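Contents: one structure, followed by commentary.
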Amino acid sequence: MQSLDDFYIEKEEPHRGCLLALRHLILSQDVNVSETIKYGMPCFCYKKKMFCYLWTDNKTNEPYILMVEGNLLNFPELEKGTRSRMKILRVDSNEDLPVELISEILNTALDLYRDNVISLKK
């Protein structure tokens, strides 16, 4: 099984730096956010319930944040594609991160769990 550190170390710059910055941003949103690895990618959980992933586009290698409950998030920057439940936020590794937008999306998603819209019970 690939370790979390390996996932980031194996990426080339500028993608590595971008993914590490996204990792830091996600983890800093709430003390109850933790990181694990699922399906070979970093998975971020709120109180052990999955809420987002970090991944890279297969064609462009550009990073994106995959929001597990994306269908409940109304941001024009999120792409649904053919997904029924999830949406993604593409990030350009060569540009400054839109920190305010990312934080707003993450906190809106976390509020779904904090406000029990998404049940934390298993």
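The values are calculated or read from the model by the stated rules, or taken from the named source; none is laboratory data. All of these numbers come straight from a predicted model, not from anything done at the bench. Don't worry about glycine lacking a Cβ; one is built from the backbone with ideal geometry, like all the others, and counts go over all protein chains shown.
Tell me, yes or no, whether the range 102-111 has at least one residue that is closer than 17 Å to G17 by Cα and at pLDDT 95 or above.
First pass over the range 102-111, keeping only residues closer than 17 Å to G17 by Cα: 102.
The next check asks that each one be at pLDDT 95 or above; those that pass are 102.
Within the range 102-111, one or more residues are closer than 17 Å to G17 by Cα and at pLDDT 95 or above.
Could you check R85 against (1) outside any helix (DSSP H, G or I); (2) touching a Lys or Arg at 6+ places or on another chain (Cβ under 7 Å) and say which number it fails?
It is condition (2) that R85 fails.
When the residues of the range 88-108 are filtered to those that are surrounded by 20 or more Cβ atoms within 10 Å (Cβ to Cβ), among the aliphatic types (A, V, I, L, M) and not in a helix (DSSP H, G or I), which remaining residue is farthest from the chain's Cα centre (by Cα)?
Going through the qualifying residues, I end up with V91.
Within the range 26-83, can you find the residues that are without any contact (Cβ under 8 Å) to a residue 24 or more places away in the chain, of a type in the set (D, E, K, R) and buried (at least 17 other Cβ atoms within 10 Å of the Cβ)?
Across the range 26-83, there are no qualifying residues.
Within the range 4-25, how many residues turn out to be modelled with pLDDT under 95, of a type outside the set (D, E) and exposed (fewer than 11 other Cβ atoms within 10 Å of the Cβ)?
Here the count works out to 1.
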